[in-house]
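First the structure, in the form of structure tokens, and then the observations on it.
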Amino acid sequence: MKITQALLDNLTAQAKASPRLRMNFDLRNSAEDQSQRMLNAIEPGSPLPIHRHRHSSETVVCLRGRFVEDFYDEKGNLTESIELVPGGPNYLLNIPIGQWHTVRSLESGTVLLECKDGAYEPLGEEDVMKNECNE
């Protein structure tokens, strides 16, 4: 499969039309594939709770646009923000297992590649931070 500008444009159009302002495109070979690889088009204002992945690290690559990964401690305090831009000083980031984080799109048309270990697992209640920003 080729990841083309037309594919990214179509995914962005779907994200803009979605109430969540984001849309995923699955890159796995099948539903039985034991990895998670997806494109994620995220528009500014897309609500994404602070969360963690307890069984996998997460690698993100900025394909186009700009976004920020925000990192938090166990108490919900912001500890670091890293802006990712294609061709910039930060365009690829590996998020450690169990790290609380969220992503914010900074411009329309932002698309990132996300990769995680193992088969897809929906986030459990214990993996979404409970704070006033998420409630």
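Treating cross-link reach as a plain straight distance, find the lysines whose alpha-carbon is under 22 Å from the alpha-carbon of LYS116, omitting any fewer than eight places away in the same chain.
LYS2
Can you work out the PRE-style zone for ASP70? Point 7 Å along Cα to Cβ, and I want the residues of segment 84-114 with backbone N under 15 Å.
84, 100-107
Based on alpha-carbon atoms only, what is the radius of gyration of segment 12-61 relative to the globular estimate 2.2 N^0.38 Å?
Numbers: Rg = 12.6 Å, N = 50, 2.2 N^0.38 = 9.7 Å.
Taking the Cα Rg and dividing by 2.2 N^0.38 Å, one obtains 1.29.
Using θ = phi - 60° and the Karplus form 6.51 cos²θ - 1.76 cosθ + 1.60, what ³J(HN,Hα) does each residue of segment 99-108 get, whole Hz, x for Gly and Pro?
In residue order, the calculated couplings are 6, 6, 7, 8, 10, 10, 6, 9, 8, 4 Hz.
At 7 Å along Cα-to-Cβ for each site, give me the label-to-label distance between LYS16 and VAL61 in nm.
2.6 nm
Taking only Cα atoms of the chain, what ratio of Rg to Rh do you get with Rh as the Kirkwood inverse-distance radius?
Values: Rg = 14.5 Å, Rh = 15.3 Å.
Rounded to two decimals, Rg over Rh is 0.94.
As a test of the definition: which semi-axes, in Å, follow for segment 63-135 when you take the square root of five times each eigenvalue of its alpha carbon gyration tensor? Largest first, please.
Numbers: eigenvalues 99, 50, 29 Å².
In descending order the semi-axes read 22, 16, 12 Å.
For ASP9 and ARG28 in one chain, what is 0.36 nm times their gap in residues minus the Cα-Cα distance, to one decimal in nm? The partial results should precede the final answer.
Numbers: separation 19, 0.36 × 19 = 6.84 nm, distance 2.00 nm.
Between ASP9 and ARG28, full extension yields 4.8 nm more.
Taken together, the values in this text are just the output of simple stated rules run on the coordinates, not laboratory data. Please read all numbers here as calculations on a predicted model, not as lab measurements. Methodologically, a virtual Cβ is constructed for each residue, glycine included, from the backbone with ideal geometry; neighbour enumeration extends over all protein chains shown.
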